[in-house]
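Input: a single structure, listed below in structure tokens.
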Amino acid sequence: MMLLLSSLLCVLAGYVSAFLVETSSLTDLYPPLWKECPGQLSDYRVEDGVYTINPWLYPERMGMYKTLITVTAEYFERFAPNNAANILWGLPLQHGWQYETGRLVDPTGETECGRENGDNTCISVDSWWACMNYYLSALPFFGAVEAGVLGISSDQVKLSPPPKDQMYFCYNVTACRSFFPDAMIKWNTFFQQARETSKSLDDLLKYLWDAHIASLEVARSIFDNRKLYFSKPELDFAKSWSNTVDYIATINFETTLKKTAKFQKYLPPRLLKSGDHPLFIKDFTDSQNRILFLINLIHKIDDDSGHKFLSFFRNLMKSEYLRKMVNDLMEQISQNYNIS
């Protein structure tokens, strides 16, 4: 248990160390193609008063996030200027990393979807990463609609289906609420609470992560078969990363623009392939190798414990004092071991 805790703190310390680096411009941190993506509902197609968004095109899915970031800016301006403290930034930045590292490309090789020499803005329905992210884009967006954040009724927006496997997705507020009520309620609650000026950033992070994990649980239960297309190293990382998010959520990781963008430097910069061995991947930085190794180690030990350590850690992190103590320890580790 102590080995797992120390490994976990080292991983998270890697993220913390990145936060100390200054960035010359916030716009340098934006996801790929951010400027070109829609930023409001009126940028999408509309027919008979209904907006239609194609989430299988990267700019349109990213535009859903951009729209949410824009309309919720006023909720977070009390924490920092220029929308930098908006804790929804974690969602588009993670999706941008998936796009930039080739994780949205058709893994079967049967189509040119997502490939540079094909339709490079296409998102493949065969990609595990893309399908997991679907419910981390559709459910927050529809939750915001339902909460009244976007100023439209629930029947005024819909998502386009993928070219196949349409039964695995929901496409409007009513269907998503019917199939996944827990996640939808939690996103609705997050947006309602974000409006309350009495709420601290830590309060809002708790609501955000509750909704995030509920959405992940939806996706995990549906898309496990998509991992069949992975190399063994990428499969190990996908499982480990999904598990690590549970721990990150438990400490109320602050998903603001700077912090999320900087910690993502430590994630694999490309798909892992056969022959990639964490700690010894030549085109990865030392930190990327180290963090990948520790993420995989955490998952293995956690899995071997039957996830008992995660339950134990969650109970500990219910204490605001202990969460602060863990964050302080993470910062000390990052300084002592010069994680960079």
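Every number here is computed from the coordinates shown, using simple stated rules; none is lab data. None of these values were measured; they are calculated from a predicted model. A quick note on method: Cβ atoms are made from the backbone with ideal geometry, for glycine too, and the neighbour counts reach across all protein chains shown.
Details
- More than 23 angstrom apart: percent of Cα pairs within segment 31-229: 41 percent
- Candidates ARG61, ARG314, ARG103, ranked by Gaussian network fluctuation over the chain, Cα under 10 Å, top entry: ARG314
- Annotation: peptides 53-59, 282-288, 232-238, ranked by per-residue average of other Cβ atoms within 10 Å with the highest first, follow the order 53-59, 232-238, 282-288.
- Of the DSSP H helices in the chain, those whose Cα atoms cover at least 18 Å axially and whose Kyte score averages 0.5 or more: 2-19, 128-146
- Intensity falloff of the chain expressed as log10 I(q)/I(0), Debye formula with alpha-carbon point scatterers, at q = 0.11 Å⁻¹: -0.71
- Peptides 82-88, 222-228 ordered by average Cβ neighbours within 10 Å, highest first: 82-88, 222-228
- Of the residues CYS176, TYR75, THR121, the one whose Cα sits farthest toward the positive end of the charge dipole of segment 31-229, with +1 on the Cβ of Lys and Arg and -1 on the Cβ of Asp and Glu, is TYR75.
- Remark: for residue pairs LYS35/LYS259; LYS164/LYS308; LYS227/LYS324; LYS66/LYS206; LYS158/LYS258; LYS259/LYS318, the C-alpha separation exceeds 26 Å in LYS164/LYS308; LYS227/LYS324; LYS158/LYS258.
- Compactness of segment 114-194 is given as radius of gyration and Dmax, 14.0, 44 Å, from Cα positions.
- Placing unit charges on the Cβ atoms of the charged side chains and taking the dipole of segment 204-340 about its Cα centre, the candidate lying farthest along the positive direction among PRO268, TYR247, ILE298 is PRO268.
- Mean separation of Cα contacts under 8 Å, 6 or more apart, over the residue count of segment 31-229: relative contact order %: 21 percent
- Sorted into 10 angstrom bins from 0, the C-alpha pair distances of segment 216-310 split as 14, 44, 37, 5 percent.
- Whole-angstrom gap from segment 164-188 to segment 23-88, using each part's C-alpha centre: 21 Å
- Estimated purely from DSSP H runs of n ≥ 4, each contributing -39500 (n - 2.57), the mean residue ellipticity at 222 nm for the chain is -17000 deg cm²/dmol once divided by its residues.
- Dipole magnitude for the chain: about 560 debye, using +1 per Lys or Arg Cβ and -1 per Asp or Glu Cβ, origin at the Cα centre.
- Charge context of GLY109, other residues only, Cβ under 11 angstrom, K/R +1, D/E -1: -3
- Derived scalar couplings ³J(HN,Hα) [segment 28-34; Karplus, 6.51 cos²θ - 1.76 cosθ + 1.60; whole Hz; x for Gly, Pro]: 5, 8, 5, x, x, 6, 4
- Relative contact order (percent, whole number), the chain, Cα cutoff 8 Å, 6+ residue spacing: 25 percent
- Reduced Cα scattering model of segment 199-255, Debye log10 I(q)/I(0), q = 0.15, 0.17 Å⁻¹: -0.51, -0.62
- Segment 51-96 gives an Rg/Rh value of 1.03, both radii derived from C-alpha positions and Rh following Kirkwood.
- For segment 164-274, a Kirkwood radius taken over Cα pairs fed into Stokes-Einstein (10 °C, viscosity 1.306 mPa s) yields D = 98 µm²/s.
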